[in-house]
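Remarks on the structure that follows.
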Amino acid sequence: MRWAMGIVILVGCGTASAPHVEDTAPIRYTTAGGPLDIPPLPVVAHNPQRQSAIELGRMLFYDTRLSASGTLSCASCHAQALGFADGVALSDRGASNKTLGRHAPTLINLAWATNGVFWDGGAKNLESQVLAPIVSPDEMGSNLGQVLHALQSDIDYVRAFDDAFGDDLIEQGDLAKALAQFIRALVSTGSRYDRYVRGEADGYLTEREFLGREVFDRACRGCHASDLFTDQAFHNNGLDSVFSDEHEGIHLGRARISGDGADRGKFKTPTLRNIAVSAPYMHDGRLASLPEVIEHYRSGVRDSETLDPRLRNIDGSVGLVLSDDEAGALLAFLETLTDEDFLSSASFAPRPTR
Amino acid sequence: MTRTLLLVGLCACAPSAPVSGDVRVVLPFSARIGAAPFVCGQSYDSVGADAARIWPTDLRFYVHDVQLKNDQGEYVNVALDVVEPYQQATVAMLDFEDASANCETGTPSTRDRITGVVASGHYRGLRFRIGVPEALNHVNGDEVDDPLNNSGVGAGMLWIWLTGYKFFKLDFATSDKKEPDFSVHIGSMACALEADVAVCRNANRPLIELDDFLLETSTVVLDVAAIVSELPTNDPSQKPGCHSVNEAPACWATMPQFGLDFGFDSQGVPAAPGKTPQVVFSVEAQ
């Protein structure tokens, strides 16, 4: 509640009689300043961040030589302007042109994701995860040996690996480390909401957004916790009531990894940062827009044994009980989480060619 | 253990020279589909419970804890040679695909033997575990060497590092398009991350015991047809096969062939107990 203490009403004039509070209402809230509710940055002892390795990771992230066809880079499915997601539900642009089983996730604030990455948390950490898309026949379809050979013949890479890791022999391990470091560097804390919390001059919430935040704290914060907007845990949010084990069990969610039936249909809570630009949504991209997402929670939740208890109501019904006004305000609040600097920062974009 | 450690040190660059009292051993393997040798690009009839036609596309697996049985019935460790890229001190890969024809996921090199050193003695009987030892199974992707290295012969053996590696990777096609659409992938499951260490409840490392194995005269024979003999391979409902998922019927029909229990209920009771003995591997005179 510390944010509430510092609220200053900049302009207090009236929409009190109106049933709907329009976002254009001339009421803006700001704070006197305070820290974001974000845990300390975890230290990765086996791969500490350093600028030379982050820069190398950036080169690799945007390099199409990591794919078999020479046409795909990591950025092909993780585009900066889309919060490092790809804008389609299930991509089929990989080497095999097969439709993937899951939606490309955003890459935002993964430095705090210390209990596994992927929708089911199946990869221990980024050092383990980053090689998977490179060699997956349905994604970049590469042979890592050939990739390393190609990079070794490029003097810029030889120098960059030497700078980052003190070795001009390019090895798989250092490639993984560099990519992991670049992804960990993708930190987003510059949205208007963040500026509002920190009490910066251009940080504010409109009255509607402020109401939306109250709705959010009541209805969503349980899973989209802290100012990371994720508890890094696994939940069944009622998308399905049955979970098939087709396609290597990917619909089982966390249960595919844990082997625990109580984890069926549970997927990792995604961050909501930059959520307005990273449609579509859910692990399979089935919901095309934020209004659809909110409507899912209001009226589309499907019951099952593993449904998150936060989505159960005292009267036995399931889903979030939100009025139309609250739903609209919630949407408005979510849109304040867009971090334009993050989405356009030159530090996260391809390096300028010389 | 002293001797084992010494051997590892000696054979860091080449097959080891046995120290006094030790002998070098070669343990040959062959892979078949029924009576015919495993060959990439070839078709095989009458495979599976529905006697379908298949086209194999990959067959690789890891082994560890290799031991020979002496006259006293005791198992004696075989210290693995370090042979790049197929053997480290504690894990070896057998590789029957050569990346030709439709074996597109593999690498050109193959490996049909395990080599190592064992204390001098008279042996009859061999046992080994399929899989990557626990100590290596969850190592980060930036810290692995051959044969686990995904840039080498381990290409495609990477599963997910929380579950570890594919210990055993069999893929085949069930249509003349020859695109792999059926798999038997064995690996550890039911894993959790505890303080950055992966812990798996279902290890899924089959122990293969072959009592008739004789040094220098026997070959270990792997029969792909035996793996799927109780599975209708041409039944769309069984695709994409078994990926060690506890609930998958295709796993209930294939994992027990290796002697593994499968289909555990909430009390841990297997609905599909492992066959005793396993039926996938046998011994044949060279």
Please enumerate, by chain and number, the lysines with C-alpha under 18 Å from the C-alpha of A:LYS266, excluding those fewer than 8 residues away in the same chain. A:LYS124
Dipole axis of the stretch B:96-186 (+1 Lys, Arg; -1 Asp, Glu on Cβ), positive-most option in B:TYR165, B:GLY131, B:GLY154: B:GLY131
Given the options A:GLY203, A:VAL215, A:GLN172, identify the residue whose Cα lies farthest towards the positive end of the charge dipole of the stretch A:158-229 (+1 on Cβ of Lys, Arg; -1 on Cβ of Asp, Glu). A:VAL215
Among A:PHE342, A:TYR297, A:LEU330 the positive-end extreme of the charge dipole of the stretch A:219-354 (Cβ point charges): A:PHE342
Please work out whether the protein assembly as shown counts as rounded, prolate or oblate from its C-alpha gyration tensor, where a ≥ b ≥ c are the square roots of the eigenvalues and a/c under 1.5 means rounded, while otherwise a/b larger than b/c means prolate and anything else oblate? prolate
For the stretch A:52-117, what Kirkwood radius comes out of the mean inverse Cα-Cα distance, in Å? 13.0
Lysines with Cα under 24 Å of B:LYS177, excluding same-chain neighbours fewer than 8 positions away: A:LYS98, B:LYS169, B:LYS239
Using all alpha carbons of the stretch B:94-166, what is the percent of pairwise distances in each 5 Å bin, ordered from the shortest bin to the longest? 3, 12, 21, 19, 17, 13, 8, 5, 1
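Using only DSSP helix segments of four residues or longer, with each worth -39500 (n - 2.57), what per-residue ellipticity at 222 nm results for chain B after dividing by its residue count and rounding to 500?
The per-residue figure over chain B is -2000 deg cm²/dmol.
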Fraction of the pair-distance distribution of the stretch A:303-344 above 15 Å, Cα-Cα pairs, percent: 61
Expected integer from the mean partner chain Cβ neighbour count at 10 Å over A:162-175 is 2
I want the local charge near B:VAL63. Using Cβ-Cβ distances under 12 Å, sum +1 for each Lys or Arg and -1 for each Asp or Glu among the other residues. +4
Between 0 and 90°, nearest 10: helix A:324-335 axis offset from chain A longest Cα axis: 40
Residues of A:256-268, mean number of Cβ from any other protein chain within 10 Å of their own Cβ, rounded to a whole number? 4
Taking only the alpha-carbon atoms of chain B, the convex hull volume per residue, in cubic angstrom, is 135
Expressed in nm², what is the orientationally averaged projection area of the convex hull enclosing the Cα positions of the stretch A:138-179? 2.9
Could you report the accessible area of B:VAL91 in Å², rounded to 10, computed with a 1.4 Å probe on the protein chains as they sit in the structure? 0
Taking only DSSP H segments of four or more residues, each worth -39500 (n - 2.57), what value at 222 nm results for chain A once the sum is divided by all its residues, to the nearest 500 deg cm²/dmol? -8000 deg cm²/dmol
Average projected area of the Cα convex hull of the stretch A:245-354, in nm²? 10.0
FRET efficiency for A:SER344 and A:GLU200 from the Cβ-Cβ distance with R0 = 25 Å, rounded to 0.05, comes out at 0.85
Please list A:226-234, B:141-149 highest first by mean number of surrounding beta-carbon atoms within 10 Å per residue. B:141-149, A:226-234
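Work out the length of the dipole vector of the protein assembly as shown about its Cα centre, built from +1 on the beta-carbon of each Lys and Arg and -1 on the beta-carbon of each Asp and Glu, and round it to the nearest 20 debye.
I would put it at about 420 debye.
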Taking the stretch B:139-192, the equivalent ellipsoid from its C-alpha gyration tensor has semi-axes in Å, biggest first, of 24, 15, 7
Counting other chain Cβ atoms within 10 Å of each Cβ in B:179-186 and taking the mean gives 1
Correct semi-axes for the stretch A:227-303, from √(5λ) of the alpha-carbon gyration tensor and rounded to whole Å with the largest first, are 22, 15, 11
Can you classify the stretch A:196-268 as rounded, prolate or oblate using the Cα gyration tensor, where a ≥ b ≥ c are the square roots of its eigenvalues, rounded means a/c under 1.5, and otherwise it's prolate if a/b beats b/c and oblate if not? prolate
About the Cα centre of the stretch B:64-219, what is the dipole size in debye to 20, counting +1 per Lys and Arg Cβ and -1 per Asp and Glu Cβ, all else neutral? 340
In degrees, nearest 10, range 0 to 90: what is the angle between the Cα axis of helix A:51-61 and the longest Cα principal axis of chain A? 90
Could you tell me what a quarter of the Cα convex hull surface of chain A works out to, in nm² with one decimal place? 19.5
Quick calc, the stretch A:193-241, dipole around Cα centre from Cβ unit charges on Lys, Arg (+) and Asp, Glu (-), nearest 20 debye, gives 80
Rg/Rg_ref, the stretch B:200-286, where Rg_ref = 2.2 N^0.38 Å and atoms are Cα: 1.21
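The values are calculated or read from the model by the stated rules, or taken from the named source; none is laboratory data. What you are looking at is a predicted structure, and each value in this text was computed from that prediction instead of being measured. We place every Cβ from the backbone using ideal geometry, glycine too, and count neighbours over all the protein chains shown. Note: accessible area is taken over every heavy atom of the protein model, side chains too, but ligands, DNA and RNA are not part of it. Shrake-Rupley method; radii C 1.70, N 1.55, O 1.52, S 1.80 Å.
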